[in-house]
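What follows is a short report on a single structure.
Where a number appears in this text, it was derived from the coordinates with a stated rule and is not lab data. As the structure is a computational prediction, the values presented were derived from the model and not from experiment. We place every Cβ from the backbone using ideal geometry, glycine too, and count neighbours over all the protein chains shown.
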Amino acid sequence: MTSNNRAEALVDLSAIEMNVKHLMTKSAKPALAVVKADAYGHGLIPVAERAISAGATWLGVALLEEALTLRDRGISAPILAWLTPITDDFEAAVQSNIDLGVPSVEHLHRVLAAGDVLRKVPRVHLEVDTGMSRGGALLEWRELLQTAANAQRTGRIKIVGIWSHFARADEPGHNFNRQQRDRFLESIEEARALGVQPEIIHLSNSAATINDSDSHFDVVRLGIAMYGLSPDVEKMGDSFKLQLRPALSLRARIHLVKDVPAGSQVGYGGTAITKVDTKLGVISMGYADGVPRNADHRAGVLIGNKKSPIIGRVSMDQFVVDLGKESQARAGDWAYLIGSEKSHSYTSDTCYTADSWAAACGTINYEIVTRLGPRVKRIYIG
Ligand SMILES: *Cc1c(COP(=O)(O)O)cnc(C)c1O
């Protein structure tokens, strides 16, 4: 039976499972599966469930609403949420047993207040800034530790973890990684000196899990690599080199096929002109679906075995590809923007990948998969 869907993201959950197992074997540490941003566009609940069944112990999200959705769907694994503005409903978080990343004394006071109201002990992971200058306490670290230590002594809080985040883990061997790791260890020492003994300390993202076994500590936080994508294609190599299986393929229907003469302008602004008589294909997906408007001819679609590059600008709901004069493509066929019909485990030699799209518009594969819009149906296989 053929589906009426216009655009589909096919998510191979067995690839997620294999990647989790592979990375856990490599690191020999428990894993926290990062499922923020709708599991990097792959679908929060199915990915979270498969990551857990593949062996991940923890789940990690940015937002409290993401954590609460996981709980609402019956997921009982420990969940850490680390991007919770002080205006969030911390009572809901504590009530639902969500572990909270705490980057400041002000945040800590909000969490403590929620625990006091509920007469329930909040679980926190204190976040230290080890050099990225984004999340975490820097000059306030000592005060945060003291406040947390006092609260723990009086039974108002449980300090489950201490953690930090790498800025340059995708640059293997870069000096800054060593510096961040050293600062992390000093921060842990400071904590111990004040009587704070967290159950776990954690620092590694995917890149550090792959590159830097000295930084694995108690739990590794697996993001992009769990989805089968490389943290940095230039510096670390692609999925294939890293023995990862991309989980997501993306396809859209060909809306229209037609012949055009040489010298035809294509799309808004006439930014491309056909050099020869050719056949064009109109693909029914656009920037409203997450296809970047500035993607150039380095990206396109695979139809059958043939790659056809983008020609002209991507529009809101559609873009045009140059099929070539001899193309057999027909309206209604599937065009694969990422991956191929035959295999959901693919390389950039045989088809377009999230990496091709990233290169075609000057971004990273993370942005390509996370920006896929709600009009793209997620279909789960494997
Ligand atoms: C997103 C995120 C990760 C995962 O990063 P990847 O590079 O995708 O592995 C890990 N930790 C934190 C705090 C994050 O925000």
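List of remarks:
- Amide hydrogen neighbours beyond the local backbone of G300, cut-off 5 Å, H modeled: I310
- Cleavage-rule hits (trypsin sites (Lys or Arg not before Pro)) in region 89-128: DSSP loop, at most 10 neighbouring Cβ within 10 angstrom: R119
- Listed residues D212, D129, D317, most fluctuating in the chain (Gaussian network, C-alpha, under 10 Å): D317
- Options T25, G223, V266, ranked by Cα towards positive dipole end of the chain, top entry (Cβ charges): V266
- Residues of type lysines that K158 reaches as a straight line, Cα spacing below 18 Å, ignoring anything fewer than 8 places off in the same chain: K120
- Among beta bridges identified by DSSP and lying wholly in the chain, the antiparallel ones come to about 50 percent.
- Of I303, I254, I86, the residue with the greatest mean-square motion in the GNM of the chain, using alpha carbon springs below 10 Å, is I86.
- Vicinal HN-Hα couplings computed from phi for region 175-187 (Karplus, 6.51 cos²θ - 1.76 cosθ + 1.60; Hz; Gly/Pro x): 3, 5, 5, 4, 4, 5, 5, 4, 5, 4, 5, 4, 5
- All other residues whose Cβ lies under 11 angstrom from that of F176 are scored, Lys and Arg at +1 and Asp and Glu at -1, for a net of +2.
- Considering region 173-236, its Cα convex hull presents a mean projected area of 4.6 nm².
- Rounded to the nearest 20, the Cβ-based charge dipole of the chain about its Cα centre (Lys and Arg +1, Asp and Glu -1) stands at 800 debye.
- Taking amide H positions as modeled 1.01 Å from N, with prolines and chain starts lacking one, the residues under 5 Å from A295 and 5 or more places away or on another chain are V314.
- Zero-based 20 Å bins, Cα pair distances in the chain, whole percents: 27, 49, 21, 3
- Candidates V117, V320, V20, ranked by Gaussian network fluctuation over the chain, Cα under 10 Å, top entry: V117
- For region 13-228, size of Cβ-based charge dipole, Lys and Arg +1, Asp and Glu -1, in debye: 420
- Region 13-228 - convex hull of alpha carbons, volume per residue in Å³: 106
- Here the Karplus curve 6.51 cos²θ - 1.76 cosθ + 1.60, taken at θ = phi - 60°, turns the phi angles of region 15-27 into couplings of 5, 4, 4, 4, 5, 4, 5, 4, 6, 5, 5, 4, 8 Hz, with x standing for Gly and Pro.
- Take every Cα pair under 8 Å whose residues are at least 6 apart in sequence, average their separation, divide by the length of the chain, and the relative contact order is 18 percent.
- Computed from backbone phi with θ = phi - 60° and the Karplus coefficients 6.51, -1.76 and 1.60, the 3J(HN,Hα) list for region 75-81 is 7, 9, 4, x, 10, 10, 10 Hz; x is used for glycine and proline.
- Positive-end ranking of A288, G332, V320 along the dipole of region 274-337, with charges on Cβ about the Cα centre, is headed by V320.
- Charge sum, other residues only, whose C-beta stays under 14 Å from K325's C-beta, Lys/Arg counted +1 and Asp/Glu -1: 0
- Rounded to the nearest 20, the size of the Cβ-charge dipole of region 248-381 about its Cα centre is 240 debye, with Lys and Arg at +1 and Asp and Glu at -1.
- Electrostatic bookkeeping for N97 treats Lys and Arg as +1 and Asp and Glu as -1; over the other residues with beta carbon under 10 Å from its beta carbon, the sum is +2.
- In region 273-382, the GluC sites (Glu not before Pro) that fall in loop regions by DSSP, at most 12 other Cβ within 10 Å: E326
- For S239, the amide hydrogen comes within under 5 Å of the amide hydrogens of S230, counting only partners 5 or more places away or on other chains and with H modelled in the peptide plane.
- Here's the list of lysines a cross-link from K306 could span, going by alpha-carbon distance under 30 Å and ignoring same-chain residues fewer than 8 apart: K235, K241, K258, K275, K279, K325, K342, K377.
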